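Here the structure is laid out as C-alpha cells; the discussion comes afterwards.
Bear in mind that the values in this text are calculations on the coordinates, not laboratory data. Computed from a prediction, not measured in an experiment: that's the story for all the values here. Note: ideal-geometry Cβ built from the backbone for every residue, glycine included; neighbour counts use all protein chains shown.
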Amino acid sequence: MNAVFTPNLDCLKGVAMNAVFTPNLDKLRNIVQSFGPHSFTAAQAATEYEGSAASSESTKTFDELLQRHEVVLGIQPVTGSPGVWKAC
C-alpha cells in the first residue's frame with residue numbers, strides 16, 4: 001500500500017507569497033519609445049504597461065526595471081530629476 005504525503009500548510013497562513021514579476025521587455029521598450037523625445041516617469045511607464053493607474057509599489061518596481069534595463073530599452077535618467085527618464 002502506498003502512503004500519500006499531505007503537507008500541513010497551516011504554518012503558511014497569513015504569509016505573503018512574493019510573486020516574481022518577469023517583464024515583457026519588448027512591450028516595455030515599445031512603451032518607452034512611444035514617449036519619443038519627451039521625458040517620462042516610471043509611473044507613466046507602469047500605467048501604460050498595466051493599463052491602469054500605477055500604485056506606488058508598481059512605480060517602484062518599474063523604476064528598478066528601467067534602471068536595470070536602460071541600455072536595452074535605449075533610455076537614460078534625466079540628470080537632476082530622480083525617477084525621470086528619456087530616450088538616448
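List of remarks:
- The protection proxy used here, the mean number of other Cβ atoms lying within 10 Å of each residue, ranks peptides 23-31, 61-69 as follows, highest first: 61-69, 23-31.
- For region 23-87, with +1 on Lys and Arg beta carbons and -1 on Asp and Glu, the positive-most of SER58, VAL32, THR47 along the dipole: VAL32
- The average projected area of region 47-88, computed from the convex hull of its Cα atoms over all directions, is 3.1 nm².
- Residues whose placed amide H lies under 5 Å from that of ILE75, excluding near-sequence neighbours: CYS88
- Full extension of the segment from ARG29 to SER56, taken as 0.36 nm per residue of separation minus the current Cα-Cα distance, would add 7.6 nm.
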